[in-house]
Amino acid sequence: ELKVEQNPLFLSMQEGKNYTIYCNYSTTSDRLYWYRQDPGKSLESLFVLLSNGAVKQEGRLMASLDTKARLSTLHITAAVHDLSATYFCAVLLYYGGSQGNLIFGKGTKLSVKP
Amino acid sequence: DTEVTQTPKHLVMGMTNKKSLKCEQHMGHRAMYWYKQKAKKPPELMFVYSYEKLSINESVPSRFSPECPNSSLLNLHLHALQPEDSALYLCASSQASGGTYEQYFGPGTRLTVT
């Protein structure tokens, strides 16, 4: 059974500070996704990481994937209030060679305060 | 066009009602998904359709009945729901073979069962 663990589950940051969210998963997968969800809203895709060593950056967010360690990180640089949201990582569990199922972590609720 | 649309946005129904949720995408994706999300929890997979055929049913009660009339449409028929079924229902779509398998989520239907 594929398990995905995120930590921390809650993160209160000051504006301008840096922090990292960690996503560990229990079995082999080469596809990992990060989503953002604002309260009462749907999931917005942030990053798709497809191979070992993949690194992607968008604005103040940078995501990386280490498939050997089964670890992905989402690094926040110089946080601003607009980044306040819940962030989910999700790992793809394949079924029979075709499309798979996303297994989500519990999410990290980020609150950025002035 | 990377949009998945869902109707209605909000739905209030009694336990004896029959209603349907609708999802549509025009990205040419051949995999479509229904998720249920309770407050402060990650999305939980309910059903997966691949090439218009039901490929995954995550032990969902029969009061939820999915339907995929064609490659662009996905419905979820609701009947005799319970108050604990109140949640945000999310539809998503992705490629069914090859590619990133990135799932694109619709805005969701907020369901309240009274």
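Taking 4.7 Å between C-beta atoms as the pairing limit, the protein assembly as shown has these partnerless cysteines: B:68. Summarising the amide proton neighbourhood of residue B:96: residues at separation of 5 or more, or on other chains, whose placed amide H is nearer than 5 Å comprise B:30, B:31.
When the P(r) is computed for chain B, the part past 23 Å accounts for 22% of the Cα-Cα pairs. The mean number of partner chain beta-carbon atoms within 10 angstrom of a residue's beta-carbon across peptide B:98-106 is 6. In plain terms, the bigger the Kirkwood radius, the slower the diffusion; for chain A, with that radius from Cα pairs, at 4 °C and 1.567 mPa s, Stokes-Einstein puts D at 91 µm²/s. Distant-in-sequence amide contacts of residue A:26, defined by a placed amide H-H separation under 5 Å and a gap of 5 or more residues or a different chain, comprise A:3. Fully extending the segment from residue B:59 to residue B:26, taken as 0.36 nm per residue of separation minus the present Cα-Cα distance, adds 9.0 nm. Across region A:20-28, rounded Karplus estimates of 3J(HN,Hα) from the backbone phi angles (6.51 cos²θ - 1.76 cosθ + 1.60, θ = phi - 60°) give 10, 9, 10, 9, 10, 9, 8, 10, 5 Hz, Gly and Pro being marked x.
Put simply, the amide H of residue A:54, placed in the peptide plane, has neighbours under 5 Å in A:65, leaving out anything fewer than 5 places away on its chain. Shielding value for B:35-42 is 4, the average number of Cβ atoms from other chains within 10 Å of each residue's Cβ.
Here chain B is treated with +1 on each Lys and Arg Cβ and -1 on each Asp and Glu Cβ, and its dipole about the Cα centre works out to around 380 debye.
Separation of the alpha carbons by more than 23 angstrom is noted, of A:3/B:19; B:22/B:53; A:106/B:53; A:56/B:22, for A:3/B:19; A:106/B:53; A:56/B:22. For chain B, the relative contact order is 37 percent, taking Cα pairs closer than 8 Å that sit 6 or more residues apart in sequence and dividing their mean separation by the residue count. Which one, A:35, B:91, B:16, is farthest towards the positive end of the dipole of the protein assembly as shown when Lys and Arg carry +1 and Asp and Glu -1 on their Cβ? Of the listed residues, the answer is B:16. Rounded to the nearest Hz, the phi-derived 3J(HN,Hα) couplings of region B:52-57 under the Karplus curve 6.51 cos²θ - 1.76 cosθ + 1.60 (θ = phi - 60°) are 6, 10, 5, 10, 9, 10, where x marks glycine and proline.
Of the solvent-accessible surface of the protein assembly as shown, computed with a 1.4 Å probe over protein heavy atoms with every protein chain present, carbon and sulfur atoms account for 50 percent. Averaged over peptide A:33-39, the number of partner chain Cβ atoms lying within 10 Å of each residue's Cβ comes to 2.
I'd like the accessible area for residue A:111: 1.4 Å probe, protein heavy atoms, all chains in place, Å² to the nearest 10. In the full protein context, residue A:111 sits at about 40 Å².
Cα-based values for region A:1-40, radius of gyration first and Dmax second, are 13.1, 39 Å.
The values are calculated or read from the model by the stated rules, or taken from the named source; none is laboratory data. Please read all numbers here as calculations on a predicted model, not as lab measurements. Positions of Cβ are generated from backbone atoms using ideal geometry, with glycine treated the same way; all protein chains shown enter the neighbour counts. To get the accessible areas, we keep the full protein, side chains included, count just its heavy atoms, and leave off ligands, DNA and RNA. Shrake-Rupley method; radii C 1.70, N 1.55, O 1.52, S 1.80 Å.
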